[in-house]
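Everything below concerns the one structure shown next.
Values in this text are rule-based calculations from the coordinates and carry no lab data. Just so we're clear, the structure is a prediction, and the values are computed from it rather than from any experiment. Here Cβ is always computed from backbone atoms with ideal geometry, including for glycine, and neighbour counts include all displayed protein chains.
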Amino acid sequence: MQFHNNWIESLSSEISPNMFHTKDEMTDSVKNNFDFRRKYSNEGETILIDGLYEEQCLIQDHTNPINEDKTDRKLHLPIDTKAISGSKIIWDNSNWLIVSKLKNIGNAYKTTQIQECNYTLPYQLNSSTILQEPCIVDNPQETTIGQNQGNLITVPSHLLNVFVQYNDNTSKIEIGKHLYIDRPCPHPSVYEITQIDRVTYMNGEHGLLKFTCNASTIGDKDRTDLLIADYISDTPVVPSETGSVTITSPDNAFTVDFGSSKTFTAIYKDSSGQALSGITSVWSYILPDGYQDKIHITVNDNNISIKTDSDFNLIDKVITISVHDDGNTYSATQDIKVVSGFGI
């Protein structure tokens with residue numbers, strides 16, 4: 001009879017040492033395979049992380065038809081990825097949030113879960129600057145994070161959960177703040193934050209904040225056209241005796257989506273606020289250094305159109321446009337920020 005330890009010795013003597021691999025060799029093999037797939041195969045995807053870093057990765061879709069309408073995906077990243085819990089991801093012309101911890105798979109690559117954002121939250125803090133935060137709006141009576149059944153928010157509802165990245169801006173949002181959570185319409189829905197969870201969806205210093213919001217009422221300072229509650233305006237400009245000029249845009253936002261075009265218009269008014277016509281506009285502009293060839297300007301009387309190339313590096317760049325009439329009676333200047341198209 002051959003005991004177990006004798007059997008192992010006998011078997012080992014018959015097998016070539018070349019048939020065995022060390023743990024490090026196995027890890028290198030998996031990593032090399034992963035790197036090849038993400039860089040050179042049709043499976044590879046390019047994503048933008050937090051508006052700063054481009055990385056090649058693998059994204060796993062739902063293969064079960066029952067789950068095909070879910071808005072979450074598996075994201076597989078290189079072991080030295082810049083992504084962290086709560087990172088904002090741009091992929092497939094959409095905004096996504098990392099909604100789970102990053103799991104290290106055998107020191108070969110990392111994997112995590114992402115969920116598609118279904119809203120871009122407009123808000124102000126303590127200045128007139130309008131901030132835009134991609135987020136996941138969730139009706140707790142219908143869905144939970146990681147299980148959304150579509151890309152549309154269910155509104156109106158008396159209670160909503162909002163998941164946003166924890167960052168320098170969102171960390172300043174407090175209980176009691178009012179937020180519009182709706183699409184532009186005659187009477188958009190406004191909500192009040194009644195609870196903030198700064199623990200459950202965090203991983204150390206990174207992750208997501210959860211705002212619990214109850215339906216509220218529109219206030220005197222709300223701007224329904226901008227979807228901004230408790231609007232903070234700049235110091236009002238007192239028009240001269242002859243009037244003033246204002247730069248406007250179709251959506252009242254001074255941004256342009258990278259890879260697309262947007263037109264801004266000069267509106268002239270007299271001292272009583274009545275619109276003036278027959279005025280010739282003179283436009284000028286300042287483009288960000290190093291990107292002049294990627295931004296295209298078209299001037300047409302009272303309008304100026306800005307078109308950008310599809311270049312991730314343009315995001316957050318600022319274009320300054322100025323206008324005055326040919327008699328230099330009226331003048332205005334406006335900064336235009338290049339954004340991703342989804343609020344980043």
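Measuring between alpha carbons in the structure, the pairs from Lys294/Lys337; Lys269/Lys317; Lys172/Lys337 lying more than 24 angstrom apart are Lys269/Lys317. Evaluated with a Cβ-only charge set (Lys, Arg +1; Asp, Glu -1), the stretch 23-116 carries a dipole of roughly 280 debye about its Cα centre, given to the nearest 20. Once backbone amide H atoms are built at 1.01 Å from N, Ser85 has Leu102 as its partners under 5 Å, excluding neighbours fewer than 5 places away on the same chain.
In this rough spin-label picture, where each label sits 7 Å from Cα along the Cβ direction, the Ser322-Val30 distance is 6.0 nm.
By the rule of a C-alpha distance below 29 Å, with chain neighbours fewer than 8 residues away ignored, the lysines paired with Lys110 are Lys23, Lys31, Lys39, Lys70, Lys74, Lys82, Lys88, Lys101, Lys210.
If R0 equals 56 Å, the separation of the Cβ atoms of Asn139 and Val282 corresponds to a calculated FRET efficiency of about 0.65. If R0 is taken as 51 Å, the Cβ-Cβ distance between Ile267 and Gln56 corresponds to a FRET efficiency of 0.65.
Seen from every direction in turn and averaged, the convex hull around the alpha carbons of the stretch 230-338 projects onto 7.9 nm².
Using R0 = 22 Å, the C-beta based FRET efficiency linking Asp251 and Gln274 works out to 0.35. Cβ-to-Cβ counts within 10 Å put Met26, Met202 in ascending order as Met26, Met202, the fewest first.
Calculate, in nm to one decimal, what Gln292 and Glu43 gain on full extension: separation in residues at 0.36 nm each, minus their alpha carbon distance.
86.2 nm
Once both labels are positioned 7 Å from their Cα atoms along Cα-to-Cβ, the gap between Asp335 and Ile105 label points is 4.2 nm.
A simple charge model with +1 on the Cβ of Lys and Arg, -1 on the Cβ of Asp and Glu and nothing else charged puts the dipole of the stretch 166-215 at about 80 debye relative to its Cα centre.
Each label point was placed 7 Å from the Cα along the Cα-to-Cβ direction; for His158 and Asp220 their separation is 2.8 nm.
Per-residue Karplus couplings for the stretch 276-282, computed as 6.51 cos²θ - 1.76 cosθ + 1.60 with θ equal to phi - 60°, are listed in order as 10, 10, x, 9, 8, 8, 10 Hz, Gly and Pro entered as x.
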